[in-house]
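Rule-based calculations on the coordinates, nothing more; no lab input. These numbers were taken from a predicted model, which means no experiment stands behind them. A quick note on method: Cβ atoms are made from the backbone with ideal geometry, for glycine too, and the neighbour counts reach across all protein chains shown.
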Amino acid sequence: MSERDTPDPAPGRDPDAGRPDQEVVDLAHRLFDMAREGRTEQLAAYVDAGAPADLTDPSGNTLLMLAAYHGHAQLVGELARRGADVDRLNDRGQSPLAGAVFKGEDEVVTALLGLGADPEAGTPTARQTAQMFGRTDLLDGPRERGGPTVGG
C-alpha cells in the first residue's frame, strides 16, 4: 500500500483521540513528585478535587507506593483514607509494604500495617523482604504490638 493509499481517519475523528493532553501528563508528573516529596496537604487537595487516589506511573507505581517508598507515613495514611489501595502491586509485582520494608521505613511499615496492608501480598512479599534483610521486627506491626496507627 502506498502513502497515497493510506486511509484518512474517519471524518470528524481526531487522530490524537485517546492520547492524554500534555497538560494532563504534566499534572500527573507533578502529582508523582508530590508523592515522592511528601507534600501531604497539596497532594490530598488534588485527590479531594478529583485526581485518582490510585493514579499510576508508567511502571504501575501508585501515589501511595511512591509515598511509602520515600518514607512519608502521613501521606500514606491520607491517600489510604481517600481510597488508595494499600496492597496495589506495581508492574513488577511489588507491594507498598514490601517497598517500605526494603527501604527500612519503620513508620511507613507501621502505618501500612495499621491500614490493613497484607504482608503476604506481592513478589517478594513484605515478609520475605524482611527476612532477606534481617528486619522481621518491622512486621511486628501495631496489630501485634497493640501500638498506634497513623491517624488512627
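Here are a few things to note about the model shown:
- Here the Karplus relation 6.51 cos²θ - 1.76 cosθ + 1.60, evaluated at θ = phi - 60°, turns the backbone of segment 71-79 into coupling constants of x, 9, 4, 4, 5, 4, x, 5, 5 Hz, with x for every Gly and Pro.
- Exposure proxy order (Cβ contacts within 10 Å, fewest to most) of 97, 79: 79, 97
- The HN-Hα couplings worked out from phi for segment 57-64 by the Karplus form 6.51 cos²θ - 1.76 cosθ + 1.60 (θ = phi - 60°) are 7, x, 9, x, 7, 7, 4, 5 Hz, whole numbers, x standing for Gly and Pro.
- Modelled spin-label separation between residue 140 and residue 45, with each label point placed 7 Å from Cα along the Cα-to-Cβ direction: 4.2 nm.
- Restricting segment 26-81 to chymotrypsin sites (Phe, Trp or Tyr not before Pro) in coil, as DSSP defines it, with at most 13 other Cβ within 10 Å: none
- Whole-Hz couplings from phi, Karplus 6.51/-1.76/1.60, listed for segment 100-110; x for Gly and Pro: 5, 5, 4, 7, x, 8, 3, 5, 5, 4, 4
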